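Let me begin by presenting the structure, written as structure tokens, before commenting on it.
The values are calculated or read from the model by the stated rules, or taken from the named source; none is laboratory data. Just so it is clear, the model here is predicted, and its values are computed rather than measured. Reconstructed Cβ throughout: ideal geometry from the backbone, glycine too, with neighbour counts over all protein chains shown.
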Amino acid sequence: MKGAYLALAVVAGVVVSGCASTKIQPLTRTSFSVSTMAAPACGQAGAAKVANRVAAVEVIKRGGDRFFFKAASSDYRIIEDSLIVQMVDKGDPEYSESFSAREELGPKWQEIVAKGTPLTCSG
């Protein structure tokens, strides 16, 4: 019986440590879509968190900082979050209302970007 609990703990750890997958689709030079699927253990909030972090990482990788979401949708049946991300530059009308990718990722944004696409909903 003790072995069964240990096996369950190992499986649970794997599910939480690698619970999300993300696909990025370029749309234009300054826009892209982010589609994230997460394990049920992550929940919808976890899928949204991963999608937001992936969007911020991708904006920085593309040489930008400011962005906004042109569209967002969620499918609760399969724990999926889809976003259309639009990057903006100073001078764009949406600039003052946009998000800073660096601020979204926090003070360790350089480490997060260096690691690449987040695979977990816990980080």
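Assess whether S82 counts as being over 23 Å from R102 (Cβ atoms) and buried (at least 16 other Cβ atoms within 10 Å of the Cβ). So S82 fits the description; yes.
Regarding the range 20-34, can at least one residue be identified that is farther than 22 Å from Q110 by Cβ, without any contact (Cβ under 8 Å) to a residue 40 or more places away in the chain and crowded, with 19+ Cβ neighbours inside 10 Å? Checked against the condition, which is being farther than 22 Å from Q110 by Cβ, without any contact (Cβ under 8 Å) to a residue 40 or more places away in the chain and crowded, with 19+ Cβ neighbours inside 10 Å, the range 20-34 yields no hits at all. From the set of residues in the range 1-49 that are closer than 16 Å to F68 by Cα and part of a helix (DSSP H, G or I), which is modelled with the lowest pLDDT? Among those residues, the one meeting the criterion is A48. Residues that are of a type in the set (A, V, I, L, M, F, W, C) and part of a strand (DSSP E or B) do occur in the range 96-110. Residues of the range 101-113 include at least one that is modelled with pLDDT under 95, closer than 25 Å to G43 by Cβ and acidic (D, E).
The set of residues in the range 74-119 that are in contact with a Ser or Thr (Cβ under 6 Å, 6 or more places away or on another chain) and either among the basic types (K, R) or more than 15 Å from V59 (Cβ to Cβ) (or both) comprises D81, S82. Output the residue which, of all residues in the range 65-79 that are part of a loop (DSSP other than H, G, I, E, B) and out of contact with any helix residue (DSSP H, G or I) (no Cβ under 7 Å at 6 or more places or on another chain), is surrounded by the most Cβ atoms within 10 Å (Cβ to Cβ). That would be I78.
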